[in-house]
Structure formats: C-alpha cells, structure tokens
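We did not get these values from a lab; they are worked out from the coordinates using the rules stated. Computed from a prediction, not measured in an experiment: that's the story for all the values here. Ideal geometry is used to build each Cβ from the backbone, glycine not excepted, and the neighbour counts take in all protein chains shown.
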Amino acid sequence: MKMFINGKSTSGTAKEEIAVINPATEEIVDQVPRGTVEDTHLAIQAAKAAFQTWKRTPANQRAAALHQVAAKIRTHHEKIVELLTKEEGKPIPENDEELWWVEETFDYYAELGRHERGQVIPSGESGQFNFVLKEPYGVIGCITPWNYPLLLLVWKLAAALAAGNTAVIKPSQLTPLSTVLMVEVAFDHLPPGVVNVVTGFGSEVGDAMVRHPDVPMIALTGSLAVGQQIASLAAPMMKKLHLELGGKDPMVIAPDIELDVAVKALAYAALINTGQVCTSTERVYVHESILGQFSEELADFVSKLRLGNGLDKGTDIGPMIRDKFRQKVEGQIEEAVQAGAKILTGGKRPEEFERGFFLQPAVITNVDHSMSVMQEETFGPVIPLMAYKDFDQAIALANDCQYGLGASLMTHDAKLVKKFFEEVKAGTVWINDPLTDNFAGPFGGMKMSGLGRELGQVGLDEYYDVKHVHWDIEGGLKDYWFPY
C-alpha cells in the first residue's frame, strides 16, 4: 500500500518500506512506505491549500460529504474489517463493532457540524452587537495508535472535518493498512488535500508534523511518554493540543452485586482486545467478604475463554500486538509473584500456538499498590484482584494512581453510586456497564491521562477556535475615550 497525499496514492520520497506483521501468524500482511520529513511537509502543504476552500464550504455540503464517507465505508465494511483483523489481531466481532462506530461517528458529526458555529450574547449597551464565532484551526495533525486504529482516528477526524479543518494523519507503523484503505475508498470525493495519510515512524513523520508552523493543532491518542514529548515540542509554538493518553482504570465490586454478572462484566472490561485498551480495567477492588468466591468464579470463567486467530470463528481472545509488549506484561506478572502475588489462572504462553504473540489471560491475587501491576499501565490480559474493607477505602484506592481516564463500579446501591461518581477522579465513570461509549458523551481523561475530550458537542468544540466580535453599529464618540 501507499500513502495518500493531495488526493492521490503515492510512495512520495520514501526510499524504504515498513513491513506490517499479522500478530497471530507473524507473517507479513503488506508493506507501506517509510514516509519522510519531505513527504510530511508536502502533505501539510496540500492540507493548508485545501483548507482555504474547505473552511468556506457550507456546513450542509460538508455534512453531505461526511454522510457519503460513512456510506462508502459501509460498502467496504467486510474488506476493511478483515484487513483490520489481520494487522491488529482483534477478533472479527470486535472489529465489526469498531467499524460500526466509525461509520456512525461520521453520520453523527455530519449532523452536529451544521447545528451551530457560535452564539449571540447580550451587548453591553444599546446600539451594539456582540457575538461569538467558532472557527476551524486549519491543518490538524492526527497521530493515532495501533489498538483501535480506525475508531480513535475517526473520533478526531470526523469532528475536525465537520468543523471545517483539514487533516494530515500519521497512523501507527504497526497498523497503517486499514487507515490507508479506508481513506482511499471513502474519501476520494473530498477535495484533494482535505485528508492526507503519511505512513512512517513517529520520530520522523510525527515529529515533523508537530514541529511544522502550519499545523496549529495536534490530536494524539498514545502513551503518556509520547504525549509529554509532543507537548514539549509544541510548547514553543503554543499549539493547541488534544491528548488522550494512558490509563490504569479501576473497578470496584460491591458486596451486593450478583457475582456472575460482575465476573462477566469484569472479564469483558479487562480482556477486550486482549487488554490492549486505554480504558481496560487494570485494577480491581473487591469487598473482602466476597473476594474468595469471586476470585474462584472469575478464574474459572477466564480459563475457559478461547484464544486464537481473530479471523477464526469462536475466538474470544486474540494475540497481543508484538512480542515486546507481551514481555512487558510477563515482567509485571513475574514481579508481582516475586513480591507475593498468586496466579489463579493464565499468565503463560499457550503451547498450542507455534507462532503469534499469544498470552493466556491471567487472574492474580494478593497484590498491593507497591507492585507495578497496580500502578503502571499494563496494556495486556491481566486481572489483579485486591480486597477492600469499606467503601471509603475503595475510593481511596481507586484514586491512588497518576492516571484518571475511566473508572467502573458494580453495585445496585444508589448511595454508593453517588459517592463513587462524585469522589473518583476519572473522565468517565461506568456503573454496571463498563467500557460502553456514547456518541454524545464526552470521552477523555483527568490527571495524567490527557487533555481535551472526544465525542459529543464537547468533542466538536475541541476543533474550533473561538472569536468574540464586538460591533458598535452606531459608531459614535464615547465619553470614556481620551482626554479624561
């Protein structure tokens, strides 16, 4: 596959290619150009030129264009899902859901983007007119991750385009194929330069995008370390930053909840996409009165989940994306065991797979906050369980972390629910239904989990700059002017 710059597929000035590996088989799926700084600058130049037309395109026409994007993606749905599964590894049902969200997000922002572009506010005096305009920034640099390469792109891209911005996309070098395919088949009706894709490495393409003076805004989903690096590069130019970073999400399980419901909710929240989700449940606090029985039931349920190639029917858990990430997870488990933790199930490389980056989902107990598995982002299939005595302690434990992306609670006690959502510091709080998103519900983190929000009106407003206009229609002399 090639890059997509100024409405055309191109290899640009790349002299090398990057092989994209299927994490289930370790086979090469395809290759993409190793984009250069020059390619990045050409894409930015194209996006800047296209912005002059796109920002003036009436909102109704932009809406129609975004609806057409959604329709074209639906036409190629199965092809994109298959490619997404080959390069990223998630089971087909999870990628079906991801692409459904992609399609619906374009339709959602198509309509929201023509709803308003400002407001009239009360004037200070008669004869004056005051209003607020929402204006697009210009070229948005979208830097996206490998775990949900399309969804986490489109939460940015759909809002950016609806607001009148243009975009240059730098997908992860691990999963660029589905992004390139989607843009090629679904964006060809847009004016050339409105959407561009440059494949390559963050240290080359990504840094060039962040450093470029014609990119006033960077939208990233990635790790805390990458977000901090981008922030340091962008600070001298005072760029607008939209950063969705790491998480270490807690789940608190109250003693009144049905154990079978809590077991299945937790398994889903912790193990969807093999635990490679920024909002994965990675810390679990269970009331001491039910911890023993809950641990046994959870371990039994998790041990029966089926590992396999995401393309195979019946697969529940796919591979991890690469071996180095698997090694990190194994290291956290080993460190915890050395400190006294107990593995109830999993944590091993399954013997039935000769190839692929598979790891059995693990359930571990006897953990505490001195262990990295309870403090550092795991991004893998591990469920650590820790007891709590009372609900105040559970909230204190949930807040005892540098991250604040999401938090879940399993209970039917309304008083506990109110106390939880008021006191836990997290951008999203889920009660009895973890990891469920809402098109109209803002998504993003507190503390070290990032800046800004995606989805909803708040997500759209991220891609507008705001201008206040003060108009004195009569234009006469003012008694507060010089001389005093």
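Assorted remarks:
- Angle in degrees between helix 92-112 and the longest Cα principal axis of the chain, rounded to the nearest 10: 30 degrees
- Positive-end residue, the chain charge dipole about Cα centroid, Cβ charges, pick of 52, 255, 336: 52
- Magnitude of the charge dipole for the chain, about its Cα centre and with charges confined to Cβ atoms of Lys, Arg (+1) and Asp, Glu (-1), is about 1260 debye.
- The value of relative contact order for segment 233-321, using C-alpha pairs under 8 Å at least six residues apart, is 29 percent.
- Highest average packing first - 46-52, 218-224, Cβ atoms within 10 Å: 218-224, 46-52
- Annotation: segment 361-476 has a Kirkwood hydrodynamic radius of 17.0 angstrom, from the mean reciprocal C-alpha pair distance.
- DSSP bridge orientation in the chain - percent antiparallel, rounded to nearest 5: 45 percent
- Working from label points 7 Å from Cα in the Cα-to-Cβ sense, the residue 446 to residue 117 distance is 3.6 nm.
- Additional length obtainable on full extension of the chain from residue 392 to residue 348, 0.36 nm per residue less Cα span: 12.3 nm
- For segment 249-431, a crude dipole built from +1 on the beta carbon of Lys and Arg and -1 on the beta carbon of Asp and Glu, taken about the Cα centre, is about 460 debye to the nearest 20.
- Peptide ranges 475-484, 250-259, 276-285 listed from the most packed, as the mean C-beta count within 10 angstrom indicates: 276-285, 250-259, 475-484
- Among beta bridges from DSSP that stay inside segment 249-431, the antiparallel ones total about 15%.
- Furthest towards positive pole of dipole, 363, 429, 213, structure part the chain, Cβ charges: 213
- Computed from the Cβ-Cβ distance with R0 of 51 Å, the FRET efficiency linking residue 203 to residue 471 stands at 0.60.
- Computed over segment 258-357, the alpha-carbon pair-distance distribution with 10 angstrom bins reads 13, 45, 35, 7, 0, each value a whole percent.
- Angle in degrees between helix 177-186 and the longest Cα principal axis of the chain, rounded to the nearest 10: 40 degrees
- For the pair residue 419 and residue 59, the difference between a 0.36 nm per residue extended length and the Cα-Cα distance amounts to 125.4 nm.
- Linear extension gain, residue 13 paired with residue 225, 0.36 nm per residue minus alpha-carbon span: 73.4 nm
- As a ratio to 2.2 N^0.38 Å, the alpha-carbon radius of gyration for segment 249-431 is 0.98.
- The chain: C-alpha gyration tensor shape, a/c 1.5 cut-off, then a/b vs b/c: oblate
- On Cα atoms only, tilt of 224-234 relative to the major axis of the chain in degrees: 20 degrees
- When you work out D = kT/(6 pi eta Rh) for segment 193-276 at 4 °C and 1.567 mPa s, using the Kirkwood radius from C-alpha pairs as Rh and the Stokes-Einstein form, the result is 81 µm²/s.
- Dividing the alpha-carbon radius of gyration of segment 379-430 by the rule-of-thumb value 2.2 N^0.38 Å gives 1.15.
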